[in-house]
1. Given the Cα atoms of segment A:56-144, and with Rh set as the inverse mean 1/r over their pairs in the Kirkwood sense, what is Rg to Rh to two decimals?
2. Output ³J(HN,Hα) for segment A:112-121: one whole-Hz value per residue in order, computed from phi by the Karplus curve 6.51 cos²θ - 1.76 cosθ + 1.60 with θ = phi - 60°, and x for Gly and Pro.
3. When the C-alpha atoms of segment A:112-209 are aligned to their principal axes, what extent does each axis show, in angstrom, from largest down?
4. I want to check the label-to-label distance for residue B:21 and residue A:179. Put each point 7 Å from Cα in the C-beta direction and report it in nm to one decimal.
5. In Å, what Rg and Dmax follow from the Cα atoms of the protein assembly as shown?
6. Can you give the extra length, in nm with one decimal, that the chain gains between residue A:116 and residue A:147 once fully stretched, where that is 0.36 nm per residue apart less the Cα-Cα distance?
7. Could you give the alpha-carbon Rg of segment A:1-99 over 2.2 N^0.38 Å, rounded to two decimals?
8. Return the chain B residue and its Cβ-to-axis distance, rounded to the nearest Å, for the rotation relating B to A.
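What follows is calculated from the coordinates using simple rules that are stated; it is not laboratory data. No experiment lies behind these values; they were computed from the predicted model shown. Here the Cβ is made from the backbone with ideal geometry for all residues, glycine too, and neighbour counts use every protein chain on show.
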Number of protein chains: 2
Amino acid sequence: MQEFKLYFVADIKSNMKYPPLQLIEMAVAGGVDIVQLRYKEENIRFLLDLGQKIQPILKAKNIPLIINDRLDVAQILDADGVHLGQEDIPPIKARQILGANKIIGLSTHSLEQAKAAQNEPIDYLAVGPVFSTNTKKMASPPLGTAFLTQIAGITALPWLIIGGINSSNLADVIAAGAKRIAVVSAISEAEDVTLAARTLKKMLENKLV
Amino acid sequence: MQEFKLYFVADIKSNMKYPPLQLIEMAVAGGVDIVQLRYKEENIRFLLDLGQKIQPILKAKNIPLIINDRLDVAQILDADGVHLGQEDIPPIKARQILGANKIIGLSTHSLEQAKAAQNEPIDYLAVGPVFSTNTKKMASPPLGTAFLTQIAGITALPWLIIGGINSSNLADVIAAGAKRIAVVSAISEAEDVTLAARTLKKMLENKLV
């Protein structure tokens, strides 16, 4: 898959600060490299409709669209890939259905899981949460930044970190070895979504630190 | 699709009276004709595992396995079909992914929706809820039995009714024209699951009424 630094998880909920389409447009304007749609409500037609609306915007900028969890939605949208959790469809099954050309990402919550992910047919892994976060209920305990120095040594795959990362702690995260981050609320809860994304992107490109 | 009378929706939840595998085995012993797995929790691997465990039991009796909502799970299990709600993946998209040989069912909640379903590439439709039920939150208002006499006139598809049907009201439902029913709690909440299924089945076969 193409190189990336700033991965935006658009966690679509009913109580968002901005309408989902507008949120994603603003985040794209700020320079996010990948957009993941995460949606846990029951109305899949809403998700399909949103996906169809954002695809031209993303394709125009060569930004991959990743669907959380649901392969069927990714298939219908012909999205660029899926992101799977440890309790979702196993990557090997996802690869069989989606084929070799789609992106498959996997969430890991410990160095052990990150190591085990080496044997999965995936394109990248996410490790986290680094910090505590309110985004996901029942999230795993935060790993802290010290473990970051160990990840590079255990995986040859592109890895990103996730969980409570924002402009205040990103410098620490970068100093500890992270090159790619995924964010949810640091972008979606910002007053100025575009500025928030742009600031994170510049820090990751070492243009602000 | 093959003819059926008693369609069991195994709505898998954490607080069930019996473990899911045992529940389905008991329902099968009682004569259910179709089993639908409905599961709204986040752990899809649990659903895949349960599906794999019940498949030999169902196949031995030529009982179709239908997966609620998720095409990807149906694909991985090579299940017999999917059941879709009005806000789930549109039947036309499901047909494109699953092909001509899989069963696609659609929930409808009014005569208008049942009529519109005629134009969808589906194999059967469910109409309901007939009576009030606590099984699904935000369920549509109950339709009552009077409308049952009208359904046969508006669809050439096999139709079943769902929603609060049990051995106490089934005779009324049959008298109003229903030939196929789907049940959730009348089977899964029964003390004797096998007996509950057997009783409903016999009533539908006109052997008890």
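1. 1.00
2. 4, 5, 5, 5, 4, 5, 3, 8, 9, x
3. That gives 40, 32, 25 Å along the principal axes, largest extent first.
4. 4.5 nm
5. So, for the protein assembly as shown, Rg and Dmax equal 24.0, 80 Å respectively.
6. On the way: separation 31, 0.36 × 31 = 11.16 nm, distance 1.60 nm.
Computed gain between residue A:116 and residue A:147 is 9.6 nm.
7. 1.03
8. B:72, 2
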